[in-house]
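Reading through the structure tokens given below for one structure.
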Amino acid sequence: MALISSCTVSTLKGAAASLRSGNLVAFPTETVYGLGADATNKDAVAHLYQVKGRPSDHPLIVHISSMANLDKWAREIPEYAKKLARAFWPGPMTLILSRTNLAKDFITGNQDCVGIRVPSHPLAIALLTEFEDQGGLGVVAPSANRFGKVSPTTSEAVVEELSGYLSPNDLILDGGPCEVGVESTIINCTQDIPEILRPGAITATMISDLIGLQKDQIARGSNKLIIKAPGLLQSHYAPKAKVFLSTTSNPGDGFIALSEIPTPSGAIRLASPKDNEEYAQLLYQALRLADTKQLPNVIVIPPTGDDIAIAICDRLEKCAYKS
Ligand code: TXA
Ligand code: MG
């Protein structure tokens, strides 16, 4: 495994060629770092599942460089989904659509739908464009962490998560800290109206404003779930430390809250974001810091609001300690 810290055109060409020959390449996106593999290469995808330690029926998101390639992977795309793609791609949004024959069972977890995303991070776009120039069709990229763990938002975190599992030919590209900090909004587009399966930076309000629907019509749970929903496992996105969503803390506990909330006496401040956007950006790094400091407990005061706070609260509920 090699870490490339200053990516040039020639290292990106090399990384794309490496993906084409079946190796794994971890790369930054605007949400979190992804662990990429050629989406049409069964062996590469099998290696990816092994490195992540992820059950093979858990589907992967195909990353493409632009909407122009959408038809290769998805069919019967509803008008509202095209509208979403035009408005929010490149960006932190994944659309679940009916699949074409190109999207094999080994990436969809045997489902008839496929997740597609056009990321906006310049390094991700450059890598995908180069990959496609070399004849590739799409790159599957789950978050570059071990299954059930906290998604990495820096290349250092990817190294920490995966260096013990990657092969010598696999690569990690460094692109600095991720801007959004939580995973993309996943929208089920296989029904009459869109349905949010995983909240993210593209919010229900943004979607409903665009499509002309009521916000609660598209919120998760308003429709019957017909497909395997992401991160619906009880414990996900979790650090080793026990996470408590409460206001009481004991001395020596980690503490994460907006900067306006003072640190309780004896608690160890892990992040002081000034607003909800920065909260999302810093959350996963702060949870990792708790483990680096070997803190047994972290007290988190969740943010409020109907913006990215919804995504933050979703992840916090999943990683919160369940006795
Ligand atoms: O922001 C993101 O989406 C990041 C970056 C790297 O792009 N990727 C990411 O991938 O979060 P992953 O694999 O860690 O989470 C993707 C989720 C999974 O929980 C999976 O269940 C869901 O997307 N998913 C993928 N394809 C699906 C499908 N066909 N049907 C339902 N859910 C799907
Ligand atoms: Mg993940």
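Worth a mention:
- All positions within the range 46-66 that are open to solvent by 50 Å² or more (accessible area, probe 1.4 Å), of a type outside the set (A, V, I, L, M, F, W, C) and out of contact with any helix residue (DSSP H, G or I) (no Cβ under 6 Å at 6 or more places or on another chain): Gln50, Pro55, Asp57
Every residue, every condition in (1) surrounded by 14 or more Cβ atoms within 10 Å (Cβ to Cβ); (2) in contact with a helix residue (DSSP H, G or I) (Cβ under 9 Å, 6 or more places away or on another chain), yes or no:
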site: Cys7; (1), (2): yes, yes
site: Ala68; (1), (2): no, no
site: Glu79; (1), (2): no, no
site: Thr108; (1), (2): yes, no
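- With respect to the conditions (1) free of Cβ contacts under 8 Å to residues at least 24 places away in the same chain; (2) under 20 Å from Leu24 (Cα atoms); (3) away from ligand 2 (no atom under 16 Å from the Cβ), Glu161 falls short on a single one, namely (3).
- Matching residues, the range 136-163, being open to solvent by 40 Å² or more (accessible area, probe 1.4 Å) and away from ligand 1 (no atom under 12 Å from the Cβ): Leu137, Glu156, Val159, Glu160, Ser163
- Selection from the range 178-187 of residues that are near ligand 1 (Cβ under 7 Å from one of its atoms) and either among the polar types (S, T, N, Q) or part of a loop (DSSP other than H, G, I, E, B) (or both): Glu183, Ser184
- Condition check for Asn297: under 22 Å from the mean Cα position of the chain (by Cα), open to solvent by 10 Å² or more (accessible area, probe 1.4 Å) and polar (S, T, N, Q): no
- Condition check for Pro28: in contact with a strand residue (DSSP E or B) (Cβ under 9 Å, 6 or more places away or on another chain), within 16 Å of ligand 2 (Cβ to nearest atom) and open to solvent by 10 Å² or more (accessible area, probe 1.4 Å): no
- Lone unmet requirement of (1) touching a strand residue (DSSP E or B) at 6+ places or on another chain (Cβ under 6 Å); (2) hydroxyl-bearing (Ser, Thr, Tyr); (3) on the phi > 0 side of the Ramachandran plot for Ser249: (3)
- Checked against the criterion of being within 12 Å of ligand 1 (Cβ to nearest atom), open to solvent by 50 Å² or more (accessible area, probe 1.4 Å) and either closer than 25 Å to Asn110 by Cβ or modelled with pLDDT of 95 or more (or both), the range 164-174 has no qualifying residue.
- Single residue of the range 90-123 satisfying the filter (under 13 Å from Tyr33 (Cα atoms) and within 16 Å of ligand 2 (Cβ to nearest atom)) that is farthest from the chain's Cα centre (by Cα): Pro119
The values are calculated or read from the model by the stated rules, or taken from the named source; none is laboratory data. Just so you know, these numbers come straight off a predicted model, no measurement behind them. Positions of Cβ are backbone-derived with ideal geometry, glycine not excepted, and every protein chain shown enters the neighbour counts. The area values use the complete protein model at the heavy-atom level, side chains included, leaving out ligands, DNA and RNA. Shrake-Rupley method; radii C 1.70, N 1.55, O 1.52, S 1.80 Å.
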